[in-house]
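One structure is given below, encoded as structure tokens.
The values are calculated or read from the model by the stated rules, or taken from the named source; none is laboratory data. Model, not experiment: these values are computed from the prediction. A quick note on method: Cβ atoms are made from the backbone with ideal geometry, for glycine too, and the neighbour counts reach across all protein chains shown. Note: areas computed on protein heavy atoms with side chains; ligands, DNA, RNA excluded. Shrake-Rupley method; radii C 1.70, N 1.55, O 1.52, S 1.80 Å.
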Amino acid sequence: MARPMEVLLVEDSLADIRIAQEALQDAGIAANLHIVMDGEAAVRFLTRKAPYTAARTPDIVLLDLNIPRMDGHQVLDELRQVRCSQDFPIVLLTASDNVHDVEEAQKKGMNYYLRKPIEGRTLGALLTVVKDLWH
């Protein structure tokens, strides 16, 4: 039996967190969903700094672009410096219509992006593909 998928969701919107939880359930994906609500916590989680020293490397990171303390671009910059982001795909979640935001994120290591508001089916389908290709 395959181990559950490790998913890190970096999101400060409770509604979007609920959508992600429902998408995983509806897609029938066995997953451990880890949620952090700001960019600094995301970097600490991904680099296993306190209080996340026992955190498992995620199979996928769902990263909101507009989060407190450190935005998605800054998180990507930090991950690029420590080079840990090559171990998992990063999906940028954004409400931005700015093409520059997506292009910059691609240069910094983002693999996919989804525009908000996100439908649960769309996120579930993406997670299924990631599970099949990366997991």
Considering only protein heavy atoms and a probe of 1.4 Å, how much of the accessible area of the chain is carbon and sulfur, as a whole percent? 48 percent
Rounded to the nearest 20 Debye, what is the dipole magnitude of the chain about its Cα centre when Lys and Arg each give +1 and Asp and Glu each give -1 at the C-beta? 480 debye
Scalar couplings 3J(HN,Hα) for region 60-67 by Karplus 6.51 cos²θ - 1.76 cosθ + 1.60 (θ = phi - 60°), nearest whole Hz, x for Gly and Pro, are 7, 10, 9, 10, 5, 6, 9, 10
What are the equivalent ellipsoid semi-axes of the chain, built from the alpha-carbon gyration tensor (square roots of five times its eigenvalues), in whole angstrom, biggest first? 20, 18, 14
List every residue whose amide H lies under 5 Å from the amide H of LEU62, counting only residues 5 or more places away in sequence or on a different chain, with H placed 1.01 Å from N in the peptide plane. LEU8, LEU9, VAL10, VAL91
Hey, how many Å between the Cα centroid of region 110-125 and the Cα centroid of region 49-67? 18 Å
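I'd like the FRET efficiency for ALA2 and THR122, computed as 1/(1 + (r/R0)^6) with the beta carbon distance as r and R0 of 22 Å, rounded to 0.05. Intermediate values should be presented prior to the final figure.
Values: r = 23 Å, r/R0 = 1.06.
About 0.40, to the nearest 0.05.
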Averaged across orientations, what area in nm² does the convex hull of the alpha carbons in region 7-77 project? 4.6 nm²
Built amide H within the under 5 Å cut-off of ASN32, gap 5+: MET5, GLU6, VAL7
